[in-house]
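In what follows, a structure is listed as structure tokens, so that the remarks can point back to it.
The values are calculated or read from the model by the stated rules, or taken from the named source; none is laboratory data. Please read all numbers here as calculations on a predicted model, not as lab measurements. Using ideal geometry, Cβ is built from the backbone for each residue, glycine included, and neighbour counts are taken over all protein chains shown.
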Amino acid sequence: MSDDEYVYDEASGEWISAADAAAKAAQAMEVRDSVGNLLSDGDSVTLVKDLKVKGAGQTLKVGTVIRSIRLTGDPQEIDCKFDGIKGLVLRAEFVKKR
């Protein structure tokens, strides 16, 4: 989006720049782990439950450390990488921030 694009903000009733709208949307979404800690991109998390990974034929055990998570657009899901598993998406309720 360029700087000269504007969008209507229904909450404030004003026209704001598209860049400001994107920043506001990113701040509004909070992703929290199983104990309520705020998660952000690049955090490391630990699994709090054994999880069977569909399609990979393996189980991730309690205490497994997942490094460098990425937030998705969903406040309940995080995107992560783990050895041998591509496209792993975990629910935030099954992880705890390290």
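Please count how many residues of the range 60-91 are among the aliphatic types (A, V, I, L, M) and within 8 Å of the chain's Cα centre (by Cα).
Number satisfying all stated conditions: 3.
Just to be sure, is LYS96 modelled with pLDDT of 95 or more, assigned to a loop (DSSP other than H, G, I, E, B) and charged (D, E, K, R)?
no
Hey, does the range 44-58 have a residue that's outside any strand (DSSP E or B), closer than 23 Å to ALA25 by Cβ, under 15 Å from the mean Cα position of the chain (by Cα) and not assigned by TED's automatic domain parsing to the domain that holds ALA25?
no
In the range 72-87, is there at least one residue being in a loop (DSSP other than H, G, I, E, B), modelled with pLDDT under 95, more than 30 Å from ASP9 (Cβ to Cβ) and not polar (S, T, N, Q)?
Yes: the range 72-87 contains one or more residues that are in a loop (DSSP other than H, G, I, E, B), modelled with pLDDT under 95, more than 30 Å from ASP9 (Cβ to Cβ) and not polar (S, T, N, Q).
Looking at LEU47, LEU60, can you tell me which residue is under 30 Å from ARG98 (Cβ atoms), surrounded by 14 or more Cβ atoms within 10 Å (Cβ to Cβ), in contact with a Gly (Cβ under 7 Å, 6 or more places away or on another chain) and of a type in the set (A, V, I, L, M)?
Testing whether each residue is under 30 Å from ARG98 (Cβ atoms), surrounded by 14 or more Cβ atoms within 10 Å (Cβ to Cβ), in contact with a Gly (Cβ under 7 Å, 6 or more places away or on another chain) and of a type in the set (A, V, I, L, M) leaves just LEU47.
Can you name the residue in the range 1-36 that is closer than 25 Å to GLU77 by Cα and among the acidic types (Asp, Glu) and is also modelled with the lowest pLDDT among such residues?
ASP20
With respect to ALA25, determine if the residue is outside any loop (DSSP other than H, G, I, E, B), of a type in the set (Gly, Ala, Ser), exposed (fewer than 14 other Cβ atoms within 10 Å of the Cβ) and within 21 Å of the chain's Cα centre (by Cα).
In short, yes.
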